[in-house]
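Enquirer: Quick one: structure below, then a few questions.
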Amino acid sequence: MNPSEKTSGYWNPYAAGVVLGLVLFASIFATGSGLGASGGLARIVAFCERQVTPQRVDRNPYLAPMAGGENQALQHRIVWMILGAVVGGATSGWLAGRMKLETFRGPAVSPRLRWGLALLGGAFMGYGAGLARGCTSGQALSGGAVLAVGSWVFMMMVFAGGYALAYPLRRLWN
Amino acid sequence: MAPWSFSPAVEFAVTLVIGFGFGFVLERAGFGNALNLAAQFYLHNMRVLKVMFTAIVTAMLLVFFSSALGWLDFDRVAVPPTYLGPAIIGGLLLGVGFIIGGYCPGTSLVAAATGKLDGMAFVAGVSVGLLAFAETVPRFWSFYHTAGYLDRMTLADLLGADAGSVVLGVVAMAVGAFAFAEMLERKFARSSSLDDPGPAPLKNPSERRWRWAAVGAAMGLAGMTWVVGQPSLERKIRWAEAGLEASLHSRAVHVDPAELLTLMHGNQMPLVLLDVRPESDFNVFHLLDARRVELDDFTPRWAAGVPSNAVVVVMSNDEAGAHEAWKRLAVLLNPRPEIPVTDRSRVYVLAGGVNRWLDLYQAERGDVPGPEIPSLGRDRLAHRFAAALGDRFDVSRPPLTVASARSFSAKVKAPMARRVVGGGCG
């Protein structure tokens, strides 16, 4: 048994949820907005595309408000949010001895296949997060806590999409 | 009242700290490990549901409780606007990506930060997906921008209920979901070949007591939120009363008729003129482009429709009615209504009201006082007109030369363009 697959060493899920809720509340209380992740990545993507083809960014109605013309894609709080999340995650993993180069995968999946699947799954999520204007952090978690209608619909759809494919794809994880 | 407004540098620093906490907790919750996340969909370890719902319930309770007590202004909290079409399709795509890739954007960052190669691949995938979205969304821009658009809409707005009752309902639903999840975990524990068996059944009586205490505390907080209720505009005015009275008393928000006339002629900033007099007075005479409004018209939804760069000027025959309206408008439009206005305001009062305007421009009296002098009239129209022509009088907007004949100290400043507060994921 791979020791990093144990649940021991992780916090009790309800306790972790309470602390995560406190972090989310602190964000809403202090800045008026919740947590987020895909928004920061979207800004980094917009920034990179601008370095390559600035005209294309200027003409794109999704990218232009972030990186077109005078807009500085990276001068936004959400970019600092994901920077903090990376440092916070690394600190926690390092303190708990979980900082290690490895690949989490189902028993029937080779590391190479797992990387390919992670890339594919990530692409689905990136596309979906762009469309839904947020991911599980910004829409489901932050929007859910302020009772936004669209966020609750979104959350139910995420679970629906996952459960719909869980059985056909069971060999990936079990 | 929170949320506070920070300078960009401070806001970035605060967000960095919050982001640190976010990443730290995600890692501690076990979300840096795709196996813990995927397990949610095979029912033997419902960690994802437990952490997410507990976090939502905790933050929701604190947000609406603070709002009920006046510590947090919910109208200034970012509520992601609802677009049902994109939320449904996007949500399904996220679900599919979740089961294929094993992470979501936030958790993949934490996985990548702790050296997980699959997490790094996932982050790269998310970036590719976002790029693909950005390059293809112009083809279905109207769907993205309009399908099922409901603006800022909470479940409480949808149900027409006080948010406290919805909060109580969500807490009850979450407790039920947790009980159901643990039942599923016990049922599916052995049917899975995955190493992680999920939590063992509760044997420890102290943990059982903790759970009941937590459920009781959450229910109690939700109940109190419901009993106190979300603040009405009247309650918000009472909370800010001292600051509002001080602003009116100092006359920092009263503009001279000549200044208003200058603004009406200038096209530099959008001007919203609001007339709160009775309909009969309004029909007899009003300023050009003034809109007649009742005090009850001022709601958060109405305020959201006022352009963020517009200056609002409210007037009555003298000042009493305009002062009542100003208090409501200041609570709705000014970021910190409880602090007396010294510099900027989004809403002003026409000093001396319509009567002083007419003294100056119709009767052309030489002794019209400046904006520092309050008008003590009883808010009745003191001028007579042969016919009720509304704004079809010359004095509804006299020429600019008339305004420049009078000296005044300008009070109105262009409102600071308020940065759009987007949701977390922009």
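Read-outs throughout are calculated quantities, based only on the coordinates presented, and are distinct from any laboratory measurement. Just so we're clear, the structure is a prediction, and the values are computed from it rather than from any experiment. When we count neighbours, we look across all protein chains shown, and the Cβ atoms used for this are built from the backbone with ideal geometry, even at glycine.
Enquirer: Looking at chain B as a GNM with Cα springs under 10 Å, which of B:Ala310, B:Ala222, B:Ala134 has the largest mean-square fluctuation?
Expert: Sorting by GNM fluctuation, first place goes to B:Ala134.
Enquirer: Which angle between 0 and 90 degrees, to the nearest 10, do you get for helix A:77-95 versus the longest principal axis of chain A when only C-alpha atoms count?
Expert: Taking the Cα atoms of chain A, the angle to A:77-95 is about 20 degrees.
Enquirer: Further question on the same structure: Given R₀ = 22 Å, what would the calculated FRET efficiency be for B:Ala161 paired with B:Trp302, taking r from the Cβ atoms and rounding to 0.05?
Expert: 0.60
Enquirer: Calculate how steeply helix A:13-31 sits against the longest principal axis of the alpha-carbon atoms of chain A, using the helix alpha-carbon long axis, and give the answer as 0 to 90 degrees to the nearest 10.
Expert: Tilt of helix A:13-31: around 10 degrees.
Enquirer: For the ranges B:292-303, B:316-327, what's the packing order if you count other beta-carbon atoms within 10 Å of each residue, average per peptide, and put the highest first?
Expert: Top to bottom by mean Cβ count within 10 Å: B:316-327, B:292-303.
Enquirer: Another question, then. Count neighbours as other Cβ atoms within 10 Å of each site's Cβ, and list the GluC sites (Glu not before Pro) in the stretch A:1-98 that are DSSP loop with at most 14 such neighbours.
Expert: Answer by residue number: A:Glu70.
Enquirer: Run lengths n ≥ 4 of DSSP H only: what is the helix-derived mean residue ellipticity at 222 nm for chain B, with -39500 (n - 2.57) per run over all residues, to the nearest 500?
Expert: Calculated mean residue ellipticity at 222 nm is -16000 deg cm²/dmol.
Enquirer: In the P(r) worked out for the stretch A:1-106, what percent of Cα pairs fall beyond 17 Å?
Expert: Result for the distance tail: 67 percent.
Enquirer: Turning to a different aspect of this structure: Hey, could you get me the Stokes-Einstein D for chain B, Kirkwood radius over alpha-carbon pairs, 25 °C and 0.890 mPa s, rounded to whole µm² s⁻¹?
Expert: Taking Rh from Cα pairs, D becomes 94 µm²/s.
Enquirer: With r defined as the distance between the Cβ atoms of B:Asp343 and B:Ala363 and R0 fixed at 30 Å, what FRET efficiency is calculated, to the nearest 0.05?
Expert: 0.30
Enquirer: Rg and Dmax of the stretch B:148-307 over Cα atoms: what are they, in angstrom?
Expert: Taking only Cα atoms of the stretch B:148-307, I get Rg and Dmax of 27.6, 83 Å.
Enquirer: Across chain B, how many lysine pairs separated by 8 or more positions, or lying on different chains, have Cα atoms within less than 20 Å?
Expert: Qualifying lysine pairs in chain B: 6.
Enquirer: With runs of 4+ DSSP H residues as the only contributors, calculate the mean residue ellipticity of chain A at 222 nm using -39,500 (n - 2.57) per run, divided by the residue total and rounded to the nearest 500.
Expert: Result for chain A, helices only: -19500 deg cm²/dmol.
Enquirer: Just grab the label-to-label distance for B:Glu324 and B:Arg378, each label 7 Å out from Cα along the Cβ direction, in nm (one decimal).
Expert: 1.5 nm
Enquirer: On to the next question. Sort B:Leu130, A:Leu101, B:Leu274 by Cβ crowding within 10 Å, fewest neighbours at the top.
Expert: So the ranking, lowest neighbour count to highest, is A:Leu101, B:Leu274, B:Leu130.
Enquirer: What distance in nm separates the simple spin-label points at B:Arg139 and B:Glu207, each placed 7 Å from Cα in the Cβ direction?
Expert: Rounded to a tenth, the inter-label distance reads 5.1 nm.
Enquirer: Shifting gears a bit: Mean Kyte-Doolittle hydropathy of 0.5 or higher plus an axial Cα length of 18 Å or more: which whole DSSP H helices in chain B meet both?
Expert: Helices passing the filter in chain B: B:8-28, B:47-69, B:84-101, B:117-136, B:163-188.
Enquirer: Name the long-range amide H neighbours of B:Tyr149: under 5 Å, sequence gap of 5 or more, or other chain; modelled H, no Pro or chain starts.
Expert: Close amide H contacts, sequence-distant or interchain: B:Leu84.
Enquirer: Scaled to the compact-protein estimate 2.2 N^0.38 Å, what is the alpha-carbon radius of gyration of the protein assembly as shown, rounded to two decimal places?
Expert: 1.13
Enquirer: Using a basic spin-label model with each label point 7 Å from the Cα along Cα→Cβ, how many nm lie between B:Ala172 and B:Glu294?
Expert: 3.5 nm
Enquirer: Then there is this: Helix A:149-166 versus the longest principal axis of chain A: what angle, 0 to 90°, nearest 10, using Cα atoms?
Expert: Compared with the principal axis, the helix lies near 40 degrees.
Enquirer: Over all residues in B:293-306, what is the mean tally of Cβ atoms on other chains that come within 10 Å of each residue's Cβ?
Expert: 0
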